[in-house]
Amino acid sequence: MSEEALPGDEAPATKRQVSGKSPLRIAAGRLRQDKVAMVCLTIVVIFGLIAIFAGTIAGWFNVTTTPGNPAEDLNYLNGGMPYKGPPNGSFDPDHPFGIAPKTATDNLATWLYGCRTSMMIATSATILASLLGIVLGLVAGFVGGIVDKIISFVTDLFLTLPFLLMALVIAPILSERFALKPDTYKQMQLLSLIVILAGFGWMGVARLVRGEVLSLREREFILSSQVIGMSTPRIMFKELLPNLVAPIVVAISLMLPAFIAAEAGLAYLGVGITQGSSWGQTILQASSYFEHYPLYLWEPLLGIVVLVLALNLLGDAIRDAVDPKTRR
């Protein structure tokens, strides 16, 4: 007589395997389904590769940022415009983006190294500002008391200071200290600009992290950690910080494009990068030639617009993926 299977019995092979997913994995899945986000991510990756391999790409096209020969390449009877290529000539394969008036520098090489400058400064400032904001936000939110009041006061103080005015004042002071040292002047310009951007960009992250910590520090897992005698730094960085990854990623994704635009704007105002290639400096130089040589201005301007737009749209997509309630 054969045995009948009971209704509640299931063969092991037919049991469903239920696997949990972390919130970040769920958000990543939503992000992969967003076509606009994937296009923007591709654009950002391309710009990142251009910044990293700017020298190699310039070598492929056999172009450099060294000034050319204005006497041979420029027509000073026609306002210093190039003999070959735009704006008056056809496409020049030796200089795909044309050459600059007055100096005959190759525009493609300047664009490539300008991309590297913008990405390097914005990325470094974003990392520095994020670290500073995360640490201060964690300490203020978890420790509380007089420490919270002091950090909150400093945060509010920095928020009241006009960024542009302070940058116009501080950046030249930091840079001119090394004006007589040409070997270190360029590096100090980069460092001073990173310090300026990070020094006035950490407050948003700090306030965001503090608010999240205030809502998490009364949870059971934090109280349990305190009961068993876990140290304060360990609670902050081992227990609280992993639960703040999602909002921090969103804040960073929105901070990076702001710093790229700010770097170009400061360079245009003459307090950013003046030694070496910079999109902002190129826009400053090209603005006086826009009527006769518009391509000279459009090349760096389109680079900034495309990169900042892609980063902003990607940041919005990350925010929507992390918190679906914000979807429009």
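Only one residue of 75, 93, 111 has its Cα farthest out toward the positive end of the dipole of segment 62-138, where Lys and Arg carry +1 and Asp and Glu -1 on Cβ, and that residue is 111.
Which helices, counted as full DSSP H runs in the chain, have an axial Cα extent of no less than 24 Å and a Kyte-Doolittle average of -0.5 or above? Present the calculation step by step, with values, prior to reporting the outcome.
Values: long enough: 35-52 (26 Å, 2.68); 107-143 (53 Å, 1.45); 182-199 (25 Å, 0.72); 245-268 (35 Å, 1.90); 294-322 (41 Å, 1.40).
Helices meeting the span and hydropathy rule in the chain are 35-52, 107-143, 182-199, 245-268, 294-322.
Around the amide H of residue 99, modelled in the peptide plane, lie the amide H atoms of 107, all under 5 Å away and 5 or more residues distant in sequence or on another chain.
Annotation note: trypsin sites (Lys or Arg not before Pro) in segment 184-273 located in DSSP loop regions with a Cβ neighbour count of at most 14 within 10 Å are 219.
The portion of the accessible surface of the chain made up by carbon and sulfur, rounded to a whole percent, is 64 (1.4 Å probe; DNA, RNA and ligands excluded). Note on exposure: 176, 220 ranked by accessible area (1.4 Å probe, complete protein assembly) read 220, 176, with the most exposed listed first. A 1.4 Å probe run over the chain, with the rest of the protein chains in place, finds 57 Å² accessible per residue.
Residue 102 contributes about 140 Å² of solvent-accessible surface, heavy atoms of the protein only, 1.4 Å probe.
Among 279, 60, 111, the order of accessible area from largest down is 60, 111, 279, computed with a 1.4 Å probe on protein heavy atoms. Taking all protein chains together and rolling a 1.4 Å probe, residue 64 ends up with roughly 80 Å² accessible.
The values are calculated or read from the model by the stated rules, or taken from the named source; none is laboratory data. Please read these numbers as outputs of a predicted model, since none were measured by experiment. Heads up, the Cβs are rebuilt from the backbone with ideal geometry, glycines too, and the neighbour counts pull from every protein chain shown. For accessibility, only protein heavy atoms count, side chains too; no ligands or nucleic acids. Shrake-Rupley method; radii C 1.70, N 1.55, O 1.52, S 1.80 Å.
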